[in-house]
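Below is one structure, written out as structure tokens, with a few remarks after it.
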Amino acid sequence: MTEPQLTDLPLREELRGQEPYGAPQLSVPAMLNVNETTYQVPSDVVDAIAKEVRAAAETLNRYPDREFATLRTKLADYLSRESGALLTAEQIWAGNGSNEVMQHILQAFAGPGRSVMSFPPTYSMYPLYARGVYSSYIAGTRSPDFTQSAADVAAQIRQHRPHVVILCSPNNPTGTALDLEVVEAAYQAALESETMLIVDEAYGEFRQPGTPSALTLLEGRQRLIVTRTMSKAFALAGGRLGYLAAAPEVTDALRLVRLPYHLSAVTQAAACAALDHAEHLMANVERIKVQRDRIVAELTTMGLTPHPSDANFVFFGGLENAAEAWQHLLDDGILIREVGIEGHLRVTAGTEAETTEFLNSLQNYLNR
Ligand SMILES: *Cc1c(COP(=O)(O)O)cnc(C)c1O
């Protein structure tokens with residue numbers, strides 16, 4: 001008797017033979033492969049979350065606030081402080097991770113017969129989001145050093161006229177933030193077709209000093225959306241809270257596609273408690289940036305070629321055999337990321353101790 005198989009099912013044609021998203025979830029001493037904050041949640045924040053979740057538990061017999069008004073106000077206040085842009089609750093939308101927020105955007109503005117464009121190497125989920133809403137996916141191009149110029153991005157948008165364009169800044173996996181002139185040029189090009197422009201700022205809080213956020217461009221730009229997440233800087237990857245800021249009419253559009261009560265009362269309570277402790281959590285962001293800059297400096301000394309990073313990770317090249325280096329690190333208990341670019345790997349900046357272990361192991365590999 002043969003085992004029942006997935007291939008026996010009447011699956012949608014375009015899903016046959018596809019693989020699900022699958023970064024390895026291995027349990028090793030240093031897990032530096034998915035850009036989480038490796039510091040545990042500070043204990044006073046844990047206490048605050050537990051208290052808010054306990055209070056929410058008393059009314060779990062009722063559906064949660066469908067409009068998550070308290071959370072939106074807190075997110076607007078936080079983003080205004082963080083970016084210097086003045087944002088209101090009506091401009092905020094949230095979901096279970098920026099993954100879901102992105103899905104809402106594509107359900108509203110892409111969908112069947114429409115197209116989504118991003119610029120690889122970039123976040124590997126973008127083509128999957130497009131597939132999930134039956135949209136076609138257009139892979140734009142970058143310069144050989146993986147940077148993007150204003151003129152080139154605008155020209156590619158004018159050529160393809162996609163319905164949704166996703167810029168990732170700081171870009172995953174390369175780590176570098178875009179100059180706002182690139183976003184402005186992309187927006188001008190987007191206005192010439194029926195195009196919404198998304199800037200994914202999942203790593204926004206880690207940008208280098210003096211680098212402005214695309215949030216500062218929102219005023220007067222109805223077709224611009226900036227997405228953020230609590231998964232990285234807020235050390236809340238397990239809490240699943242992603243969000244965006246845009247014109248109020250954009251958030252109205254997203255109400256048309258969300259499932260009712262998509263944000264549980266537990267999620268809303270946990271996110272609100274974390275936002276009340278934003279300043280405390282951002283202290284770890286500063287520590288992580290120090291380790292990030294240290295990794296860039298030390299890899300350069302080792303003769304490798306790290307890319308400038310505005311994120312909580314470093315993308316580096318100069319390896320003769322990236323797969324072998326990756327395995328050497330794993331044998332030492334350090335899990336980093338192979339991103340499918342020859343001679344390159346990506347490492348998350350963790351605690352000082354984790355960073356030291358990573359650098360020592362890599363140096364031993366290079367000396368072998
Ligand atoms: C990690 C990451 C996200 C966050 O996804 P969540 O669903 O919010 O956890 C979004 N965009 C990029 C580019 C990322 O690397």
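Using the Karplus relation 6.51 cos²θ - 1.76 cosθ + 1.60 with θ = phi - 60°, the per-residue 3J(HN,Hα) values for the stretch 233-245 come to 4, 8, 6, 10, 4, x, x, 6, 9, x, 7, 8, 10 Hz, with x marking Gly and Pro.
Applying the Karplus relation 6.51 cos²θ - 1.76 cosθ + 1.60 with θ = phi - 60° to the stretch 197-205 yields 3J(HN,Hα) values of 10, 10, 10, 8, 10, 4, 9, x, 5 Hz, where x marks Gly and Pro. Using the empirical formula 2.2 N^0.38 Å as the baseline, the Cα radius of gyration of the stretch 200-292 reaches a ratio of 1.20. Approximating the spin labels as points 7 Å out from Cα along Cα→Cβ, the T211-to-T2 distance works out to 5.1 nm. For the stretch 304-368, the set of GluC sites (Glu not before Pro) satisfying both a DSSP loop assignment and a count of at most 13 other C-beta atoms within 10 Å is given as E320, E342. Relative contact order, whole percent, for the stretch 44-276 stands at 28, derived from Cα pairs under 8 Å and 6 or more residues apart. For F313, the residues whose modelled amide H falls within less than 5 Å of its own, excluding neighbours fewer than 5 places apart on the same chain, are A349.
Normalised by the number of residues in the stretch 282-335, the average gap of Cα pairs under 8 Å and 6 or more apart makes the relative contact order 24 percent. Residues whose amide H comes within less than 5 Å of that of L87, counting only those at least five positions distant or on another chain, are S80 (H built at 1.01 Å from N in the peptide plane). When the Cα positions of N321, G239, P209 are compared along the charge dipole of the chain, G239 comes out farthest toward the positive end, with charges on each C-beta of Lys, Arg, Asp and Glu.
If each DSSP helix of 4+ residues adds -39,500 (n - 2.57) and the sum is divided by the residues in the chain, what number results at 222 nm, nearest 500 deg cm²/dmol?
On the way: 11 runs with 143 residues, N = 368.
Rounded to the nearest 500, the figure is -12500 deg cm²/dmol.
Of the chymotrypsin sites (Phe, Trp or Tyr not before Pro) found in the stretch 1-101, those that fall in a DSSP loop while having at most 11 other beta-carbon atoms within 10 Å are Y21. All Cα-Cα distances of the stretch 1-154, cut into 5 Å bins from zero to the largest, leave 1, 6, 9, 11, 14, 17, 16, 12, 8, 4, 1, 0, 0 percent in each bin in turn. Using a Förster distance of 30 Å, how high is the FRET efficiency between D77 and E286, based on the Cβ-Cβ distance and rounded to 0.05? The computed FRET efficiency comes out at 0.90.
Distant-in-sequence amide contacts of Y137, defined by a placed amide H-H separation under 5 Å and a gap of 5 or more residues or a different chain, comprise V116.
In order along the stretch 118-131, phi translates into HN-Hα couplings of 9, 10, x, x, 8, 4, 6, 7, 4, x, 6, 4, 4, 4 Hz, rounded to whole numbers, per the Karplus curve 6.51 cos²θ - 1.76 cosθ + 1.60 with θ = phi - 60° and x for Gly and Pro.
Translational diffusion of the chain was estimated from the Stokes-Einstein equation, with Rh taken as the Kirkwood radius over Cα pairs; at 10 °C and 1.306 mPa s the coefficient is 74 µm²/s.
Looking at the stretch 21-64, which trypsin sites (Lys or Arg not before Pro) are DSSP coil and have at most 11 other C-beta atoms within 10 Å of their C-beta? For trypsin sites (Lys or Arg not before Pro) across the stretch 21-64 that sit outside H, G, I, E and B with at most 11 neighbouring Cβ atoms in 10 Å, the list reads R62. The antiparallel fraction among DSSP beta bridges confined to the chain stands at about 45%. Legend: residues D152, D310, sorted from most to least accessible area (1.4 Å probe; ligands, DNA and RNA excluded), read D152, D310.
About the Cα centre of the stretch 44-276, how large is the charge dipole given +1 on each Lys and Arg Cβ and -1 on each Asp and Glu Cβ? Please answer in debye to the nearest 20.
600
Accessible-area rank, largest first, for I157, I341: I341, I157, with all protein chains present and a 1.4 angstrom probe.
The values are calculated or read from the model by the stated rules, or taken from the named source; none is laboratory data. Nothing here was measured: the structure is a model prediction, and the numbers come from that model. Virtual Cβ from ideal backbone geometry, glycine too; neighbours counted across all protein chains shown. Ligands, DNA and RNA are excluded from the accessible area calculation, which covers all protein heavy atoms including side chains. Shrake-Rupley method; radii C 1.70, N 1.55, O 1.52, S 1.80 Å.
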